[in-house]
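Okay, structure first, notes after.
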Amino acid sequence: MVNRGVNPSNIIMVDKSPWGLFWQKIGDGTFSIDVFKFYINSIPKDITKIKLYAEEMAKQPANDGLFDNMVYKFLILQACAFGSKAIWVENNKWQNISFRNYWLPTETSNRKSPVNPMMPMPETLFKRVEIILEKMEGLFGYYGDINDIVTLIIIV
C-alpha cells in the first residue's frame, strides 16, 4: 500500500499475535532499531549453530522483563521457524517452536542448493526491518483482538 502511495497514517494493522506488537511499535515509534541490532548481532555467525541458538531463545520467557524485548526475539524466532510456521506466545512462553537446520545437499539429493537456518538470514532481516521502520512510521498498529476494536467503535 505504501509503495502505491498510501500514507502510513491511513493504514491500520491489527493482530493479536506478536505481529500486532511489531506493527504497534513501528507505528508509535517505539521500535528500537538499536535493540533489534543487539539481537541480530547475538545470532551465531556460524550458520550451523543458528538452530541451537533459536531453540535456546525459545526456552526463555517471551518477555524477560529487562525491557519490552518480545518483539525483537519474535522476529528472529519467526525467521528460524521450520516451514515458516507461526510462532506465538501464551503465558509468556513461545509456542509452535520447531526450527530448521542448515542443510547441505548430498550426491543423491533432489535439491541441489543448501537450506539456510533462517529465512531471511540475519543481515537481510535487519535491512528489511530498517526499511519498514523508515517507511511505515505513523500507521496505527494494534496488538490485540480485532473484536476489541470493533467493540470500541460501537461504544464510541
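Annotations
- In this structure, W88 qualifies as among the aromatic types (F, W, Y) and under 28 Å from E134 (Cβ atoms).
- For segment 96-113, a tally of residues being more than 28 Å from A62 (Cα to Cα) and surrounded by 14 or more Cβ atoms within 10 Å (Cβ to Cβ) returns 0.
- Odd one out for I40, checked against (1) assigned to a helix (DSSP H, G or I); (2) exposed (fewer than 14 other Cβ atoms within 10 Å of the Cβ): (2)
- M118 vs. criteria more than 18 Å from D15 (Cα to Cα), among the hydrophobic types (A, V, I, L, M, F, W, C) and in contact (Cβ under 8 Å) with a residue 40 or more places away in the chain: yes
- Residue in segment 72-86 that is loosely packed, with under 11 Cβ neighbours inside 10 Å, modelled with pLDDT of 85 or more and not in a loop (DSSP other than H, G, I, E, B) present: no
- Some residue of segment 102-110 being among the aromatic types (F, W, Y), more than 14 Å from the chain's Cα centre (by Cα), under 29 Å from E134 (Cβ atoms) and at pLDDT below 90: no
- Considering F22, F31, the condition of being touching a residue at least 12 places away in the same chain (Cβ under 8 Å), under 23 Å from I131 (Cβ atoms) and in a loop (DSSP other than H, G, I, E, B) is satisfied by F31 alone.
The values are calculated or read from the model by the stated rules, or taken from the named source; none is laboratory data. Because the structure is a prediction, the values reported are computed rather than measured. All Cβ positions, even for glycine, are placed from backbone atoms using ideal geometry, and neighbour counts span all protein chains on display.
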